[in-house]
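Report on the following structure.
The values are calculated or read from the model by the stated rules, or taken from the named source; none is laboratory data. Remember, predicted model here, so these are calculated numbers, not experimental data. Glycine gets a Cβ as well: all are built from the backbone with ideal geometry, and neighbour counts include every protein chain shown. Calculation scope for accessible area: heavy atoms of the full protein, side chains included, ligands and nucleic acids excluded. Shrake-Rupley method; radii C 1.70, N 1.55, O 1.52, S 1.80 Å.
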Amino acid sequence: MSWVGGKKALREAVVKRFPLNYSRYIEVFGGGGWVLFHKPPRRDFEVYNDFNGLLANLYRCVRDKPDLLINALEYVLNSREDFDRIRRALDTRRPATDIQRAAWFYQIIRHSYASGLKSFGSQPHDMWANFPLIQQAHRRLKDVVVENQDFARLIHHYDREDSLFYCDPPYHSTEGYYQNIGEGGFTEKDHIRLRDALLDIDGKFLLSYNDDAFVRDLYNAPGIQIEAVTRLNNIKQRYDPNCQFSEVFIANYDMDERGLYLPRQINLFD
Ligand SMILES: C[S@@+](CC[C@H](N)C(=O)[O-])C[C@H]1O[C@@H](n2cnc3c(N)ncnc32)[C@H](O)[C@@H]1O
């Protein structure tokens, strides 16, 4: 599903940069789960995490009780009145069952403008078309551990030599987009805390960020690879068809271990 900062467009590029060997996969800033759902299931132990408790609850309900969630969504109305009422219920933490909260939150994601959770989208939406997706996600999440922790605790908890942490934090200078229901916000201090946690691990990490001087400076350290990538800017494309958005991948291992994406020099001896 759409999610602010979702990595739909980058998911293949991310998976290609995974190292060859790891047996624990931890998605630290899970969001809409674009990378986890794109990653082929292997025999590795997988963890999805997000600090947004409503999101973690939604994924737990999808994993454990998909039929009850679908039942709760069957006859919801796509209306401004319902949208505002449910938003208020979530904002004020009105007591509700886990399934009810998951259904409310899913409804808000699906019926909000650009899935931004804030305002009613005023667009037709076929809720029933999502039910096969919920069942598919349920099967994919079957053996996935769903966590709801701050990144520093999570990284500390799951760090081993054979761990791979994929981190997709709120981008630097866009943190305001995340001050939303269920979320606590992200500040400059958090970017520094994340760097300190990652530079201290025994396992491997792959990080995606916007390309800016603050981020490059933060990870300017021995043994750290920084690779710039660009993609078409979805938002500005309407006005400027060639507008590019610059991002970086940062890792503490060789991102081309799989030999999948860097152009190779042809020689007579390969
Ligand atoms: C850029 S989004 C991740 C998008 C995701 N990769 C996807 O493809 O949908 C960043 C996520 O970090 C989460 N987040 C914010 N602060 C956090 C924290 N302190 N610890 C863990 N997750 C946090 C937000 O709730 C948000 O879902």
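Considering only residues that are touching a strand residue (DSSP E or B) at 6+ places or on another chain (Cβ under 9 Å), open to solvent by 20 Å² or more (accessible area, probe 1.4 Å), modelled with pLDDT of 95 or more and under 23 Å from residue 259 (Cβ atoms), which ones fall in segment 23-55?
23
Which residue, of 115, 119, 79, is at positive phi and polar (S, T, N, Q)?
115
Any residue that is at pLDDT 75 or above, surrounded by fewer than 18 Cβ atoms within 10 Å (Cβ to Cβ) and assigned to a loop (DSSP other than H, G, I, E, B) - is there at least one of those in segment 225-241?
no
So which residues in segment 1-35 are within 19 Å of residue 247 (Cβ to Cβ) and among the hydrophobic types (A, V, I, L, M, F, W, C), if there are any at all?
3, 4, 9, 10, 13, 14, 15, 18, 28, 29, 34, 35
What pairs come out if I take residues in segment 150-163 that are touching a residue at least 40 places away in the same chain (Cβ under 8 Å) and more than 9 Å from the ligand (Cβ to nearest atom) and pair them with residues that are among the β-branched types (Val, Ile, Thr) and part of a helix (DSSP H, G or I) whose C-beta lies under 9 Å away, six or more apart or interchain?
163/155
Restricting attention to segment 1-34, which residues are within 13 Å of residue 205 (Cα to Cα), in contact with a helix residue (DSSP H, G or I) (Cβ under 6 Å, 6 or more places away or on another chain) and near the ligand (Cβ under 10 Å from one of its atoms)?
Scanning segment 1-34 gives 14, 27, 28.
Condition test on residue 67, is it surrounded by fewer than 16 Cβ atoms within 10 Å (Cβ to Cβ), under 16 Å from residue 141 (Cβ atoms), acidic (Asp, Glu) and out of contact with any Ser or Thr (no Cβ under 9 Å at 6 or more places or on another chain)?
In short, yes.
For segment 181-224, which positions are in a helix (DSSP H, G or I) and within 30 Å of residue 87 (Cα to Cα)?
Those that are in a helix (DSSP H, G or I) and within 30 Å of residue 87 (Cα to Cα): 188, 189, 190, 191.
Can you pull out the residues in segment 193-209 that are of a type outside the set (Lys, Arg) and more than 10 Å from the ligand (Cβ to nearest atom)?
Once the filter is applied, which keeps residues that are of a type outside the set (Lys, Arg) and more than 10 Å from the ligand (Cβ to nearest atom), segment 193-209 yields 196, 197, 198, 199, 200, 201, 202, 203, 205, 206, 207.
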